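The structure appears below as structure tokens.
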Amino acid sequence: MWDETYLLSELPAEEETIEEVEFLWDKLQLKTGSVVLDLCCGQGRHALPLAERGCMVIGLDSSRFLLDEALKEVKRRQLIRMKLIEADMRAIPLQNVCDAVINIYTSFGFFGNADNITVLSNIASALKPGGKLLLDYWNPYSVAQLDGTRNWWWINDDLLVLAEAQYDAVSGVLYDYRTVINLRRDEENSIRKFVNRVRFYFPTELEEKLKAVGFRILDLYGDFDDRNFDLDSRRLIVIAGGVH
């Protein structure tokens, strides 16, 4: 599902991106020359403006399509402080080079517990001593409310999308089923189906897993406007440090 339909249907408004980048810059104490790994960078929504501000940004993603879209913008904006890597987040090819790692827009929890811990361990290994992780997640306390919801929307005049959510309260996994219908294609190729699974960890669970790989939680926020995290927050934003 990480293709052109994602770009057409999933992106927040530009104003939100600006607010998020300001938050990253402030809370991670970034400056010109800071080395930032954007883990699951997608088309570069955060990586590109951070590179424009003077950070050395490494964008890692498993989607070749989205990385190619990011590369187009790198070339168009003539950015020299940005490197793109196609890789799995369970095998980050970096050691002790990053001042910060960002993982934004609920891009964590795609695997079982063991692999999710491997991701956190790889993040810890990629950071320099004193480096920080910022992990942005939907509020896990509100995810259960999505169970059974179904939403239709038009991406454009030709593409219609159905999203169906199922939440497994025992495992803490949300299954996001997507059906994309292309009205311009022949019947055989007109429907595509995807499923995305995300394991949502509550703050105490995240703290336990972060601690297991050397992190400690420094701050929790409920959104990119600096509000505190609580049951009604839109998001769970975790800033962790203490590695090495």
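Read the figures in this text as sums done on the coordinates, not as results from a lab. Predicted model, so just to flag it, every value in this text is computed and none were measured. Positions of Cβ are backbone-derived with ideal geometry, glycine not excepted, and every protein chain shown enters the neighbour counts.
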Which label in [x] 28, 19, 17; [y] 24, 23, 17; [z] 29, 23, 16 gives the computed semi-axes √(5λ) of the Cα gyration tensor in Å: [z]
Taking θ = phi - 60°, what integer Hz values does the Karplus form 6.51 cos²θ - 1.76 cosθ + 1.60 yield along segment 45-55, in sequence order, with x for Gly and Pro? 4, 9, 4, 5, x, 5, 5, 5, 7, x, 6
Cα-centred dipole magnitude for the chain, charges only on beta-carbon of K, R (+1) and D, E (-1), debye, nearest 20: 880
Contact order relative to length for segment 1-150, counting C-alpha pairs under 8 Å separated by 6 or more residues, stands in percent at 21
Amide H neighbours of residue 35 under 5 Å, at least 5 residues apart or on other chains, H built in the peptide plane: list them. 56, 99, 100
Pulled fully out, how much extra length does the chain show between residue 228 and residue 169, if you take 0.36 nm times their separation in residues and subtract their Cα-Cα distance? 18.7 nm
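What's the extension gain from residue 153 to residue 208 if we count 0.36 nm per residue and subtract their Cα-Cα distance?
16.0 nm
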In what sequence do 185, 81 fall when counting other Cβ within 10 Å, fewest first? 185, 81
Whole-Hz ³J(HN,Hα) for each residue in segment 117-131, computed from phi via Karplus 6.51 cos²θ - 1.76 cosθ + 1.60 with θ = phi - 60°, x for glycine and proline: what do you get? 5, 4, 4, 5, 5, 5, 4, 4, 5, 6, 7, 6, x, x, x
Relative to the present Cα-Cα distance, how much length would full extension add between residue 91 and residue 15 at 0.36 nm per residue of separation? 24.1 nm
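Suppose R0 equals 51 Å. What FRET efficiency, 1/(1 + (r/R0)^6) with r the Cβ-Cβ distance, do residue 25 and residue 189 give to the nearest 0.05?
0.70
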For the peptides 192-200, 165-173, what is the packing order when you average, over each peptide's residues, the other Cβ atoms within 10 Å and list the highest mean first? 192-200, 165-173
Please find the FRET efficiency linking residue 216 to residue 73, where r is the Cβ-Cβ separation and R0 is fixed at 30 Å, and quote it to the nearest 0.05. 0.25
From the phi angles alone, apply the Karplus equation (6.51, -1.76, 1.60; θ = phi - 60°) to segment 204-211 and give each ³J(HN,Hα) in whole Hz, x where the residue is Gly or Pro. 5, 5, 4, 4, 4, 6, 5, 4
